[in-house]
Amino acid sequence: MSNPGTYRPDQYTYASENRYGSDTAAGPVAPRPHGGWAAATLIFFWPLAFVAFSRALSVPMLWAEGRYQEAQDASASVARLGKIAVIIGIVLTVLLVLFYVVVILMAVNDAASSVPHGSIPTYSELPSYNSGGY
């Protein structure tokens, strides 16, 4: 007999691990909580992470309470939020890089236009310093 508080490796089965469909003789298979997608929301667009993590953590509880459709909906919403966060993160990164390129080009152009033509001395025009006498 096993202690009710101990962990068994076969305790949780996810839909991707079941090759015979979602309903077997043992009953329906729990949906994946998609914790990886929740972590992606934290990395790529953190404001969505609050909702993604709360939905991911609610999947096992909803399943245990017998609210199977809500658990599947929560699982799907975590994956959807993760994909949205990755897209937003990529778009924001591209916009930031473009912004930096424009700012650098404007600074270089401004610096080049602020120097009057022909005012930069050549090497032969630079003052020479006596290096002796120390």
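Once you order the gyration tensor axes a ≥ b ≥ c over the Cα atoms, which shape class does segment 27-111 get: rounded for a/c under 1.5, otherwise prolate or oblate by comparing a/b with b/c?
It comes out prolate by the Cα gyration axes.
Can you give me the distance in nm between label points at Ser113 and Phe99, each placed 7 Å from the Cα along the Cα-to-Cβ direction?
My value for the distance between the label points is 2.3 nm.
If we count other beta carbons within 10 Å of each Cβ, what is the order of Val78, Val51, fewest first? All intermediate terms of the calculation are to be shown ahead of the outcome.
Working: Val78 29, Val51 14.
With the fewest neighbours first, Val78, Val51 line up as Val51, Val78.
Ranked highest first by the average count of other Cβ atoms within 10 Å around their residues, in what order do 91-102, 57-68 fall?
Going from most to least packed, we get 57-68, 91-102.
Quick note: the coordinates plus some simple rules give every number you see, no bench work behind them. Every value quoted in this text rests on a predicted model; they were computed, and no experiment measured them. Note: ideal-geometry Cβ built from the backbone for every residue, glycine included; neighbour counts use all protein chains shown.
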